[in-house]
Amino acid sequence: NFGWNLGASYVGNEVRKGGFSYGLSLDYFISPNLSFSCSGKWSKINSMPVNAFDIKSKFHQKNYFFSFGFEHLKIATPSYNFIALGGGIYF
């Protein structure tokens, strides 16, 4: 699956400003139970970048999944890197 998105981003705390965001996403299923996904989202607030990139693997079982991956965030000058663990339920 390949997709694109348009939306809004918001930075709270002292900034309290929003902006327009756009992005791309990709999901690739290796088998019925295993997939890889990645996405990139770009935005500007106060002429500064607010960007996010993530890549994750997902293990699907019946109507739920577990995920493991990496996230990179750039909010103005600082950059942050995170290990992402998660799960979800399909209804």
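Please list, short to long, the whole-number percent of alpha-carbon pairs of the range 31-91 in consecutive 10 angstrom bins beginning at zero.
That works out to 21, 40, 25, 13, 1, in percent per bin.
Figure the gain on full extension for Ile83 and Trp42 (residue separation times 0.36 nm, minus the Cα-Cα span) and round it to one decimal in nm. Please list the in-between numbers first.
Details: separation 41, 0.36 × 41 = 14.76 nm, distance 2.00 nm.
Full extension from Ile83 to Trp42 adds 12.8 nm.
Ser21's amide H: which non-local residues (gap 5+, or another chain) put their own amide H closer than 5 Å, with H modeled 1.01 Å from N in plane and none for Pro or chain starts?
Gly7, Ala8, Ser9
Please state the relative contact order of the chain as a whole percent: Cα pairs under 8 Å, 6+ residues apart?
Working: 206 pairs, mean separation 16.9, N = 91.
Contact order relative to length: 19 percent.
Straight distance only, please: which aspartates and glutamates reach the Cα of Lys41 with their own Cα at less than 18 Å, same-chain residues fewer than 8 apart left out?
Once the sequence-local aspartates and glutamates are set aside, what remains near Lys41 is Asp27, Asp54, Glu71.
Answer with one residue from Phe65, Gly40, Val50: the one whose Cα lies farthest towards the positive end of the charge dipole of the chain, charges on Cβ with Lys, Arg +1 and Asp, Glu -1.
Towards the positive end, the residue furthest out is Val50.
Rounded to the nearest 20 Debye, what is the dipole magnitude of the range 1-89 about its Cα centre when Lys and Arg each give +1 and Asp and Glu each give -1 at the C-beta?
On the way: 8 positive and 4 negative charges, 25 e Å.
Roughly 120 debye for the range 1-89.
Can you list residues whose amide H is under 5 Å from Ala76's amide H, if they're 5+ apart or on another chain and H is modeled 1.01 Å from N?
Residues meeting the amide H criterion: Val50, Asn51.
Carbon and sulfur: what percent of the chain's accessible surface (1.4 Å probe)?
Carbon and sulfur atoms account for 63 percent of the accessible area of the chain.
Output wanted: per-residue J couplings in Hz (rounded whole) for the range 53-64, from phi through Karplus 6.51 cos²θ - 1.76 cosθ + 1.60, θ = phi - 60°, x for Gly and Pro.
9, 9, 9, 9, 10, 10, 9, 9, 9, 6, 10, 9
State, to one decimal in nm, how far the label point of Ala76 lies from the label point of Ser31, with both points 7 Å from Cα in the Cβ direction.
4.7
The values are calculated or read from the model by the stated rules, or taken from the named source; none is laboratory data. Predicted model only: the values in this text are computed from it and were never measured. Methodologically, a virtual Cβ is constructed for each residue, glycine included, from the backbone with ideal geometry; neighbour enumeration extends over all protein chains shown. Accessible surface areas use protein heavy atoms only, side chains included; no ligands, DNA or RNA. Shrake-Rupley method; radii C 1.70, N 1.55, O 1.52, S 1.80 Å.
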